[in-house]
1. Just to be sure I understand the filter: pairs with C-beta atoms under 9 Å, separated by 6 or more residues or on different chains, first member in the stretch 171-187 and within 22 Å of residue 79 (Cβ to Cβ), second member part of a loop (DSSP other than H, G, I, E, B) and modelled with pLDDT under 70. Which pairs pass?
2. Residues being under 22 Å from residue 34 (Cβ atoms), modelled with pLDDT under 85 and surrounded by 13 or more Cβ atoms within 10 Å (Cβ to Cβ): count how many of those fall in the stretch 84-114.
3. Are any residues in the stretch 26-44 among the hydrophobic types (A, V, I, L, M, F, W, C) and under 16 Å from the mean Cα position of the chain (by Cα), and if so, which ones?
4. Is it the case, given these coordinates, that residue 124 is in the same structural domain as residue 35 (by TED's automatic domain parsing), in contact with an Asp or Glu (Cβ under 6 Å, 6 or more places away or on another chain), modelled with pLDDT of 80 or more and polar (S, T, N, Q)?
5. What number of residues within the stretch 24-44 satisfy the criterion of being of a type outside the set (Asp, Glu) and surrounded by 15 or more Cβ atoms within 10 Å (Cβ to Cβ)?
6. Does residue 57 satisfy being among the basic types (Lys, Arg) and either at pLDDT 80 or above or closer than 23 Å to residue 114 by Cβ (or both)?
7. Go over the candidates 47, 68 one by one and state the one that is under 14 Å from the mean Cα position of the chain (by Cα), assigned to a strand (DSSP E or B) and either buried (at least 21 other Cβ atoms within 10 Å of the Cβ) or polar (S, T, N, Q) (or both).
8. Of all residues in the stretch 71-102, count the ones that are part of a helix (DSSP H, G or I) and in contact (Cβ under 8 Å) with a residue 60 or more places away in the chain.
Amino acid sequence: MGVCHGGGLEAAGVLEPGTRFWIVENAEGRIVASTGIEYGPAAVLFRSTAVDPAYRRRGLALALYEFRFSVAMVEGFRVAYGFCDTPGFMLRTGWRAVPVAELVKRCPRVTQVAHFARIGWLPTEHAFPQRPRHQVGGKGIAVRNIVAGLFVSLDGVVQSPEVWTAPYYCDEVGYAIQALIYGGDTFVAGESDLPDVCEVL
């Protein structure tokens, strides 16, 4: 992927089985950003987050970061890792490096781990556990996404789902609802819960 090479990132293994990637296109259909996830048994590996130089400093990388973390959380993962060969920025902004062996143990057979092992890069890489946190004033401030789960008809109706959604229920819908409920650490069932949740937050 050109956007990865332009950002100095390794693109080997992109779109291999067990990986998911997202791209951002501009109005002309040109790819200007990308990000990806590889799935291990106990954690996910974030990779290939790249933004075209002309589109940097617009918050696009942060939006992609939060998006992929939301995807991982909904799918039941609570720990994510990322490789970094130039850790200075990560360390300066408060991230804690962990041994590469920890990443490999959590994500032993993902494409990028296997590729780095094959070409001899693992000893020179640095591993960071990635969580939805950002450093503000030297302190870790948790950034939490609010995800709304709605039944929406094709013409945009969301009212009274108990009236019209029953005929469309199936196992896939049930799995999606379970993933949404158990993918977060706080569940708000309705407007009446919001004041209490806001106090906790």
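The values are calculated or read from the model by the stated rules, or taken from the named source; none is laboratory data. This one's a predicted model, so the numbers in the text were calculated from it and none came from an experiment. Counting neighbours? That spans all protein chains shown, and the Cβs are built from the backbone with ideal geometry, glycine included.
1. That search, which allows pairs on different chains as well, returns 181/187; 184/144; 184/145; 185/144; 186/144; 186/201.
2. Initial filter on the stretch 84-114 (under 22 Å from residue 34 (Cβ atoms)): 84-87, 89-90, 95, 103, 107, 110-114.
If we keep only those that are modelled with pLDDT under 85 as well, we get 84-87, 89-90, 95.
Applying the additional criterion that residues be surrounded by 13 or more Cβ atoms within 10 Å (Cβ to Cβ) yields 84, 87, 90, 95.
So the answer is 4.
3. Initial filter on the stretch 26-44 (among the hydrophobic types (A, V, I, L, M, F, W, C)): 27, 31-33, 37, 42-44.
33, 37, 42, 43, 44, listed by residue number.
4. Details: in the same structural domain as residue 35 (by TED's automatic domain parsing): yes; in contact with an Asp or Glu (Cβ under 6 Å, 6 or more places away or on another chain): no; modelled with pLDDT of 80 or more: yes; polar (S, T, N, Q): yes.
Taking the combined requirement at face value, the residue does not satisfy it.
5. Going through the stretch 24-44, the residues of a type outside the set (Asp, Glu) turn out to be 24, 26-27, 29-37, 39-44.
Filter once more, keeping what is surrounded by 15 or more Cβ atoms within 10 Å (Cβ to Cβ): 24, 31-37, 39-40, 43-44.
Residues in the stretch 24-44 being of a type outside the set (Asp, Glu) and surrounded by 15 or more Cβ atoms within 10 Å (Cβ to Cβ): 12 in total.
6. On the way: among the basic types (Lys, Arg): yes; either at pLDDT 80 or above or closer than 23 Å to residue 114 by Cβ (or both): yes.
Yes: the conditions hold for residue 57.
7. Numbers: 68 fails: assigned to a strand (DSSP E or B).
The match here is 47.
8. Here is the first cut: in the stretch 71-102, the ones part of a helix (DSSP H, G or I) are 71-74, 88-92, 100-102.
Those still in the list that are in contact (Cβ under 8 Å) with a residue 60 or more places away in the chain too: 73-74.
Total satisfying the criteria: 2.
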